[in-house]
Structures are given as structure tokens and as C-alpha cells.
Amino acid sequence: MKPTPLFLGNWKMHMLPDEAAQYMVRFVEGFSSAQTQLPDTGIAPPLVSIPAVSRTVSRDQGVLLGAQNVHWESSGAHTGEISPQMLTALGVDFVIIGHSERRQMYGENDAHVALRTKAALEHGLTAVVCVGETEQEYKSGKTTEIVVRQIKAALEATPAEHVSRLVVAYEPVWAIGTGLAATPEQACAVHELLRQKLVERFGPDQGASIRILYGGSTKPENIGELLSQPEVQGALVGGASLKPDVFRQLIENGRKAYWA
Ligand code: PGA
């Protein structure tokens, strides 16, 4: 049985609380007027807008609430950081870890990703671990080496008992925000590689149940071809998640292609 596909919006540093609340009303209304269901969809607002989102939609409406980063300590002298307990106190369900913008602009490395992943999982959060090669690495044929190194670090930190709350996102850095998505074949090759690593680490049953999302310039027009690839079980969506109607259309097109 294929897992249900998962569509997560990463708003990055966009959307003030009021805008976030308006967005959520429109997003949920769009699904109810189209009479389609909304499970396995999530939004990761900037921290300041998380309460506005959780006030506007309830969990039973099916929207998962996310954060864009998490620290590994529970509390302490870590100016500017936020702990797993603080996220769960806000009602957060999932957290994006190791996004390439954090790796490239804020010096995050595999060791940080491992610590964040372990802490998030141990505190009941779903960990969405991002991996992906830069344009230079891609051009010099290093995709496999980079992606395997990144995923191994995260997987070694994942306790087997929490594996049901692990999600992997393949986001080629050259595809993020560029309008140039990976081709279905490119995505498929890396997703298959990631699947192999998941199965090696957790065995065939658990390893096969972890969802691997694709991210990088997804839009309603290209999501279908990506979601029809065998190892693509959803998407992590940046720019196209900023407009409720566009994101809803992307989800609907993606779902249709996935279950076709
Ligand atoms: P994009 O971003 O969809 O705007 O390319 C994806 C991401 O950064 O997760």
C-alpha cells in the first residue's frame, strides 16, 4: 500500500500574523468548496505567525502546523533559538530541519541536523529532514556523495522507535526558488537512492513507510509529473505555498497524479 502523500508549505520569512490568518481561512474554504479532503497537508509559518495559524484552523480540519527550525536543548542560554518543548507548547506538529537556506546562510552542518532531528523526534515532533546538493556539486557529479552523506548523518541520529515520525525531503539547492525544478527522472533517481538508505537503516517495512518529499520550484503545472514517480510521496513547497489558491491547486494536482 502506498503511503498517503504529504504536502507541506514552507512560508520561510513571509506572512505576518494577520496575513497568515486570512490565508488559512481562504485555504480551508477552497478545499471545502471543492469538496476535497485536506488530510496530510501542513504549513510551516514563521514562528511569530504560528499562533495565528493555529487559532484559525483546528487540527481536526486536517492542517498540520509546522516550524522551520528547532534547537536540540530544552532550555538555556541560546539567544534566538527555540526548543522542541516550546514548539509543542505552540501546538506544532512538524519541524523542517537542515533546509539548504539554513545550511548555506547560517552555517548548519550535518552534526547540527543530527542533533535537531533526534531532539525533535524524542519530543514527539515529526522531523522533516532536508537533503540536497548545490549547483556546483550537481555539475561536478557529486549528487550521490552529498545526499548520501547528509541522509546518513540524519538517520544515525534517528531512534528506530520514532521512525514513523520521520519525513525526508530531497531539495536540490539549484532548484530552490529558481523556477527550474528537477526533472521527474532526476528526482526519481535521488529518491530511489534515499529509499535504499532508509531500507538499509530501518529494514524493508519501516524503511519503505517513510515518505520522501520533493522540493524545489514545484508548482501546480509540474507537480503531477513529479508525483507520478514511484518514490515521490509528496512535496515541500516554498513560493507556490504563499498563495492559498495556488497551493490548493498544487495539492489537488499532485494527489490526482499520485493516486492515478
Ligand atoms: P521553492 O522552495 O518551492 O520556492 O523552490 C522550496 C523550499 O525551499 O522548500
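The values are calculated or read from the model by the stated rules, or taken from the named source; none is laboratory data. The structure displayed is predicted, hence computed values, not measured ones. When we count neighbours, we look across all protein chains shown, and the Cβ atoms used for this are built from the backbone with ideal geometry, even at glycine.
Is at least one residue of the stretch 166-174 of a type in the set (Phe, Trp, Tyr) and not in a helix (DSSP H, G or I)?
Checking the stretch 166-174: at least one residue is of a type in the set (Phe, Trp, Tyr) and not in a helix (DSSP H, G or I).
Please tell me if Ala154 is under 30 Å from Met15 (Cα atoms), away from the ligand (no atom under 15 Å from the Cβ) and among the hydrophobic types (A, V, I, L, M, F, W, C).
Considered against the rule, which asks whether it is under 30 Å from Met15 (Cα atoms), away from the ligand (no atom under 15 Å from the Cβ) and among the hydrophobic types (A, V, I, L, M, F, W, C), Ala154 comes out as yes.
Residue check: is Glu200 of a type in the set (D, E, K, R) and either within 22 Å of Gly98 (Cβ to Cβ) or within 14 Å of the ligand (Cβ to nearest atom) (or both)?
yes
Could you go through the stretch 151-164 and let me know if any residue there is touching a residue at least 24 places away in the same chain (Cβ under 8 Å), in contact with a Ser or Thr (Cβ under 8 Å, 6 or more places away or on another chain), of a type in the set (Val, Ile, Thr) and surrounded by 20 or more Cβ atoms within 10 Å (Cβ to Cβ).
Yes, there is a match, as at least one residue in the stretch 151-164 is touching a residue at least 24 places away in the same chain (Cβ under 8 Å), in contact with a Ser or Thr (Cβ under 8 Å, 6 or more places away or on another chain), of a type in the set (Val, Ile, Thr) and surrounded by 20 or more Cβ atoms within 10 Å (Cβ to Cβ).
When you look at Gly98, is it free of Cβ contacts under 8 Å to residues at least 40 places away in the same chain and of a type in the set (Gly, Ala, Ser), yes or no?
no
For a quick check of your reading: which helices (runs of 4 or more DSSP H) sit entirely within the stretch 88-139 and have at least 2 residues that are surrounded by fewer than 21 Cβ atoms within 10 Å (Cβ to Cβ) and within 18 Å of the chain's Cα centre (by Cα)?
Per the criteria, 100-105, 110-122.
Can you say whether Leu250 is touching a Phe, Trp or Tyr at 6+ places or on another chain (Cβ under 6 Å), assigned to a helix (DSSP H, G or I), within 16 Å of the ligand (Cβ to nearest atom) and modelled with pLDDT of 95 or more, as far as the supplied structure shows?
Considered against the rule, which asks whether it is touching a Phe, Trp or Tyr at 6+ places or on another chain (Cβ under 6 Å), assigned to a helix (DSSP H, G or I), within 16 Å of the ligand (Cβ to nearest atom) and modelled with pLDDT of 95 or more, Leu250 comes out as no.
Would you mention how many residues in the stretch 203-235 are assigned to a helix (DSSP H, G or I), within 16 Å of the ligand (Cβ to nearest atom) and surrounded by fewer than 20 Cβ atoms within 10 Å (Cβ to Cβ)?
2
Among the candidates Val128, Val173, single out the residue that is within 12 Å of the ligand (Cβ to nearest atom), among the aliphatic types (A, V, I, L, M) and farther than 23 Å from Gly91 by Cβ.
Among Val128, Val173, only Val173 is within 12 Å of the ligand (Cβ to nearest atom), among the aliphatic types (A, V, I, L, M) and farther than 23 Å from Gly91 by Cβ.
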